[in-house]
Amino acid sequence: MVRDKRKQIQKFINLGLTEREAKVYIMLLTRKGFTTLELQESVDIPRTKMYEVLHKMVSRGIVTQWGMGR
């Protein structure tokens with residue numbers, strides 16, 4: 001199973017994503033929405049880096065951001 005995940009990540013890297021972006025994107029495909037904290041815990045990326053990765057992905061149009069709450 002780990003080998004399959006590694007292959008998935010490599011395919012996204014070949015498409016131009018970084019390894020962190022690929023991990024986040026694969027996790028985002030599993031359900032409709034995540035909080036930043038949920039994503040951070042799921043893909044084991046430090047919080048400061050998670051915000052950088054998400055910001056870059058949003059600015060490139062790979063993912064969209066929507067807010068709820070306050």
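Given points 7 Å out from each Cα along the Cα-Cβ axis, report the GLN65 to LYS49 separation in nanometres with one decimal.
Between GLN65 and LYS49, the label points sit 2.0 nm apart.
So how strong a dipole does the range 2-70 carry about its Cα centre when Lys and Arg Cβ are +1 and Asp and Glu Cβ are -1, to the nearest 20 debye?
Roughly 140 debye, rounded to the nearest 20.
For a test of the definition: using alpha carbon positions, the gyration tensor, and the 1.5 limit on a/c, classify the chain as rounded, prolate or oblate.
Since a/c reaches 1.5 and a/b is larger than b/c, the shape of the chain is classed as prolate.
Could you state the accessible area per residue of the chain in Å², with a 1.4 Å probe and every protein chain left in place?
81
Quick one: accessible surface of ARG31, probe radius 1.4 Å, all protein chains present, in square angstrom to the nearest 10.
110
In the chain, with Lys and Arg counted as +1 and Asp and Glu as -1 at Cβ, which of these residues, GLY16, PHE34, TYR51, has the Cα nearest the positive end of the dipole, that is, farthest along it?
Projecting each Cα onto the dipole axis, the largest value belongs to GLY16.
Explain nothing, just the number: relative contact order of the chain, from Cα pairs under 8 Å at least 6 residues apart, as a whole percent.
20
If I fit a long axis through the Cα atoms of helix 19-28 and take the longest principal axis of the Cα atoms of the chain, what angle between them do I get, 0 to 90°, rounded to 10?
It works out to around 70 degrees.
The values are calculated or read from the model by the stated rules, or taken from the named source; none is laboratory data. Values in this document were obtained by computation on a predicted structure and should not be read as measured data. Every residue, glycine among them, receives a Cβ derived from its backbone with ideal geometry; neighbour counts consider all protein chains shown. Surface accessibility is based on the protein's heavy atoms, side chains included, excluding ligands, DNA and RNA. Shrake-Rupley method; radii C 1.70, N 1.55, O 1.52, S 1.80 Å.
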